[in-house]
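A.B. asks: Structure incoming, see below.
The values are calculated or read from the model by the stated rules, or taken from the named source; none is laboratory data. Computed from a predicted structure; not experimentally measured. Here the Cβ positions follow ideal geometry from the backbone for every residue, glycine too, while neighbour counts run over all protein chains shown.
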Amino acid sequence: MSDTRVRNVGVDLQDANEENLRLVQAIVADNDGAQVTRMPGLVRVQVPSCMTIRRETVETHLGREWETPEFQLAIVSYFGHISTWEDDEIVIKWDH
Amino acid sequence: MARKLSMKQRYAALTRDLDWTPSYVDEEKLFPYTRFEGIKVNDWAAWEDPFRLTVDSYYKYQAEKDKRLYAVIDSFAQGQGHLSLSDASYINAMKLFIQGVTPIEYAANRHFSFLARHYNGPGPRFAALCQSVDELRHTQTEAHTLSAYNKYYGGFHSWPKQFDRVWYLSVPKSFIEDAMASGPFEYLIAVSFSFEYLLTNLLFVPFMSGASFNGDVPTMTFGFSAQSDESRHMTLGLEAIKFLLEQDEANVPIIQKWIDKWFWRGYRLVSLIAAMLDYMLPKKVMSWKESFELYFEEQMLEGLFKDLEFYGIRPPADVAVAIAEKEHYSHQAYWTLYQYSYAAGFTTTIPDAEHLDWLSAQYPDTFDKYYRPLWEKAAKIEADGGRFFNTGLPQLCQVCQLPMLFTEVDDPEVVAVRDTVFEGERYHFCSDGCARIFADEPEKYVQAWLPVHQILQGSCGGPTLPEVLAWYGFQDGDSGEYVGSADQIDWQQWHSDEPVRS
């Protein structure tokens with residue numbers, strides 16, 4: 001591929017409650033260069049090339065057990081490709 | 001005690017262990033629709049659903065989403081939430097939504113349940129089944145949410161009938177029926193990839209942020225609740241396209257043709273959203289142009305299509321036209337809705353001074369030059385005691401069914417019209433994109449139910465305007481000018497100390 005610019009990936013989450021804010025904090029903690037922007041009702045986190053959401057980090061920020069499928073309650077939209085959705089982590093990146 | 005299975009193992013148990021190879025019926029007989037489109041699938045087992053949904057986890061999280069939504073709807077109704085909207089004119093955006101979008105969700109429910117039976121692989125069958133249930137949930141939650149407004153405002157009462165009859169609703173109707181009348185793979189590229197992945201953010205996210213900003217809490221909640229399913233649907237679209245491209249190189253040109261077609265079909269459909277975003281929200285979230293740049297140019301062209309380049313896929317054929325049109329799209333679409341809103345299930349009005357200035361700021365190169373003068377003309381007519389309504393019937397595009405309202409890319413003062421002759425009849429199009437779609441399958445599009453033609457043929461209640469509007473199911477207060485409408489008068493009385501009108 002000739003274009004070598006780094007492409008962002010990201011998620012739009014509901015800016016709804018304390019739990020989602022902690023989820024955002026967990027994503028920021030695990031992903032260097034994470035940028036957080038707000039729109040009415042929405043919070044967007046984007047990172048260069050690859051985003052990892054780790055269960056352990058989320059649990060630390062929430063102070064309770066958390067299963068990765070719970071992420072479905074927070075997510076509104078995303079860009080990138082969900083390459084992994086396992087018990088311990090979710091990874092969003094471009095493949096090529 | 002046995003260790004709990006991992007997500008991966010549970011998904012494999014559902015999609016692989018519960019599947020079987022037919023022994024007394026040919027696979028070709030069991031799945032009769034997956035060959036005629038020319039798509040080759042060599043290994044259905046290669047289909048991966050990253051969400052790894054299983055029945056128990058699907059219902060667990062969907063039930064939680066619904067519980068949250070219905071709590072919001074209840075408290076909104078109890079707290080007289082309809083009074084805390086930014087303005088009653090906002091509700092016109094929701095009328096357009098329930099008339100034009102909700103019936104698409106219902107149609108998608110029907111078709112995904114068909115696909116849940118007809119794909120050869122258990123992975124896509126189960127993903128289609130979940131999406132089918134999702135789409136039914138969206139139809140229901142949208143109807144439940146907006147029924148709270150139906151008690152107070154006009155225009156919400158007959159949307160399923162209107163979807164089948166009204167001129168501007170033939171745009172979404174013909175879109176989804178074109179997809180449903182395609183084969184099972186084209187439908188995936190049409191709906192799951194082109195609509196859900198490429199364009200859904202343009203449709204849903206600004207709508208729902210707009211709802212949030214304009215005090216419409218239930219719509220925001222159902223929107224984000226539905227959209228959380230949408231991220232699964234986007235994934236289905238992306239998995240589908242990657243799966244088909246990886247299965248066989250012969251699939252690549254077929255997929256490219258469908259991307260070209262369905263990008264354009266979907267893009268023409270969202271012209272109604274462009275109009276809504278720039279003109280129907282009292283408190284603005286972002287302009288159509290900004291939304292198009294963010295959600296389409298940045299995320300899709302700069303992101304996704306770089307990924308698809310790997311497979312030999314290029315961006316949609318008419319993408320340059322869409323980029324050029326972003327300066328004009330919403331203005332041309334809303335100007336048309338304004339002129340014809342005497343025949344619509346919502347009302348329109350001239351943007352106020354602050355709104356016009358916002359449009360000038362968002363569209364510095366085009367608004368003051370081409371579109372502000374139109375509104376000044378309309379304002380002059382109004383100042384003289386009139387209202388500019390266009391009572392002539394517009395010519396419609398044979399493919400997207402929009403009136404001929406878009407201009408040439410290199411001359412915004414000339415309306416674009418294309419035409420072609422097929423079997424001795426002449427057909428008209430709004431663009432090269434629609435003309436190309438027709439040229440590829442003329443036998444399909446000559447059958448289009450065009451609302452204007454149908455009125456002239458006498459299929460719509462009678463020859464006069466009142467007869468047609470009655471056949472559309474419109475009631476007093478549904479249509480026309482917003483200023484002085486029943487909705488506006490009610491709103492003013494609810495917000496004054498005067499007793500509510502008897």
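A.B. asks: Restricting to the stretch A:41-67, name every residue that is over 20 Å from A:W94 (Cα atoms) and either free of Cβ contacts under 8 Å to residues at least 24 places away in the same chain or small (G, A, S) (or both).
C.D. replies: A:G41, A:E59, A:G63, A:R64, A:E65, A:W66, A:E67
A.B. asks: So is B:D419 farther than 30 Å from B:P160 by Cβ, out of contact with any strand residue (DSSP E or B) (no Cβ under 8 Å at 6 or more places or on another chain) and modelled with pLDDT of 95 or more or not?
C.D. replies: The answer is no for B:D419.
A.B. asks: Based on what the data block shows, is B:F263 among the aromatic types (F, W, Y) and modelled with pLDDT under 95?
C.D. replies: No, not satisfied.
A.B. asks: Within the stretch B:249-273, can you find the residues that are of a type in the set (F, W, Y) and under 17 Å from B:I323 (Cα atoms)?
C.D. replies: B:W262, B:F263, B:W264, B:Y267
A.B. asks: Evaluate the following for B:N201: is it modelled with pLDDT of 90 or more, buried (at least 24 other Cβ atoms within 10 Å of the Cβ) and within 11 Å of chain A (Cβ to nearest Cβ)?
C.D. replies: no
A.B. asks: So, one more: Can you find a residue in the stretch B:437-455 that is surrounded by fewer than 13 Cβ atoms within 10 Å (Cβ to Cβ) and under 27 Å from B:D352 (Cα atoms)?
C.D. replies: No, because not a single residue in the stretch B:437-455 is surrounded by fewer than 13 Cβ atoms within 10 Å (Cβ to Cβ) and under 27 Å from B:D352 (Cα atoms).
A.B. asks: Looking at B:F406, B:F346 in this structure, which one is in contact with a Lys or Arg (Cβ under 8 Å, 6 or more places away or on another chain) and either within 14 Å of another protein chain (Cβ to nearest Cβ) or closer than 27 Å to B:H453 by Cβ (or both)?
C.D. replies: B:F346
A.B. asks: Across the stretch B:211-247, what is the number of residues that are within 20 Å of the chain's Cα centre (by Cα), within 9 Å of another protein chain (Cβ to nearest Cβ) and hydrophobic (A, V, I, L, M, F, W, C)?
C.D. replies: 5
A.B. asks: Being hydrophobic (A, V, I, L, M, F, W, C) and either without any contact (Cβ under 8 Å) to a residue 40 or more places away in the chain or farther than 24 Å from B:D229 by Cα (or both) is true for just one of B:A46, B:A71, B:A108, B:A93. Which residue is that?
C.D. replies: The unique qualifying residue is B:A71.
A.B. asks: For the stretch B:401-416, give me the residue count where each residue is touching a residue at least 60 places away in the same chain (Cβ under 8 Å) and either assigned to a strand (DSSP E or B) or touching a strand residue (DSSP E or B) at 6+ places or on another chain (Cβ under 8 Å) (or both).
C.D. replies: Of the residues in that region, 6 qualify.
A.B. asks: If B:W44 satisfies every condition in (1) surrounded by fewer than 16 Cβ atoms within 10 Å (Cβ to Cβ); (2) in contact with a Gly (Cβ under 8 Å, 6 or more places away or on another chain) but one, which is the exception?
C.D. replies: So B:W44 meets the others, but not (1).
A.B. asks: Okay, moving on. State whether one or more residues within the stretch B:232-244 are within 20 Å of B:T139 (Cβ to Cβ), modelled with pLDDT of 95 or more and part of a helix (DSSP H, G or I).
C.D. replies: no
Residues are listed down the side, and each one gets a yes or a no for (1) of a type outside the set (S, T, N, Q); (2) within 29 Å of A:G41 (Cβ to Cβ):
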| site | (1), (2) |
| --- | --- |
| B:I255 | yes, no |
| B:I259 | yes, no |
| B:W264 | yes, no |
| B:L281 | yes, yes |
| B:V285 | yes, yes |
| B:Q299 | no, yes |
| B:E302 | yes, yes |
| B:P315 | yes, no |
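A.B. asks: Right, B:Q488: over 25 Å from B:T407 (Cβ atoms), part of a helix (DSSP H, G or I), touching a residue at least 60 places away in the same chain (Cβ under 8 Å) and polar (S, T, N, Q) or not?
C.D. replies: yes
A.B. asks: Shifting gears a bit: So which of B:L277, B:L356 ends up being more than 22 Å from the chain's Cα centre (by Cα), in a helix (DSSP H, G or I) and away from chain A (no Cβ under 11 Å)?
C.D. replies: Testing whether each residue is more than 22 Å from the chain's Cα centre (by Cα), in a helix (DSSP H, G or I) and away from chain A (no Cβ under 11 Å) leaves just B:L356.
A.B. asks: Residues to consider are B:E297, B:E293, B:E309; find the one that is within 11 Å of chain A (Cβ to nearest Cβ), assigned to a helix (DSSP H, G or I) and either crowded, with 21+ Cβ neighbours inside 10 Å or not hydroxyl-bearing (S, T, Y) (or both).
C.D. replies: Just one listed residue meets the conditions, B:E309.
A.B. asks: Where in chain A are the strands (runs of 3 or more DSSP E), entirely inside, with at least 1 residues that are away from chain B (no Cβ under 13 Å)?
C.D. replies: Filter on chain A gives A:35-39, A:42-48, A:50-54.
A.B. asks: Kindly indicate the residue of the stretch B:456-502 that is of a type in the set (S, T, Y) and exposed (fewer than 12 other Cβ atoms within 10 Å of the Cβ) and also farthest from B:Y153 (Cα to Cα) among those meeting that condition.
C.D. replies: Result: B:T464.
A.B. asks: Okay, next question. Quick one: is B:F163 of a type in the set (F, W, Y), at pLDDT below 95 and at negative phi?
C.D. replies: Considered against the rule, which asks whether it is of a type in the set (F, W, Y), at pLDDT below 95 and at negative phi, B:F163 comes out as no.
A.B. asks: Let me ask something else about it. Taking B:G480 as the residue in question, decide whether it is on the phi > 0 side of the Ramachandran plot, at pLDDT 95 or above, in contact with a strand residue (DSSP E or B) (Cβ under 9 Å, 6 or more places away or on another chain) and not hydrophobic (A, V, I, L, M, F, W, C).
C.D. replies: Here the answer is yes, as B:G480 does meet what is asked.
A.B. asks: In the stretch B:312-341, what residues are buried (at least 17 other Cβ atoms within 10 Å of the Cβ), more than 21 Å from the chain's Cα centre (by Cα) and either in contact (Cβ under 8 Å) with a residue 60 or more places away in the chain or within 11 Å of chain A (Cβ to nearest Cβ) (or both)?
C.D. replies: B:I313
A.B. asks: Quick check, is B:V191 of a type outside the set (D, E), in a helix (DSSP H, G or I) and out of contact with any helix residue (DSSP H, G or I) (no Cβ under 6 Å at 6 or more places or on another chain)?
C.D. replies: When the stated conditions are applied, B:V191 does not pass them.
A.B. asks: Residues in the stretch B:4-14: is at least one out of contact with any helix residue (DSSP H, G or I) (no Cβ under 9 Å at 6 or more places or on another chain), over 29 Å from A:E70 (Cβ atoms) and part of a loop (DSSP other than H, G, I, E, B)?
C.D. replies: Checked against the condition, which is being out of contact with any helix residue (DSSP H, G or I) (no Cβ under 9 Å at 6 or more places or on another chain), over 29 Å from A:E70 (Cβ atoms) and part of a loop (DSSP other than H, G, I, E, B), the stretch B:4-14 yields no hits at all.
A.B. asks: For the stretch B:60-86, what are the residues that are buried (at least 17 other Cβ atoms within 10 Å of the Cβ) and either at positive phi or in contact with an Asp or Glu (Cβ under 7 Å, 6 or more places away or on another chain) (or both)?
C.D. replies: Selection gives B:L85 alone.
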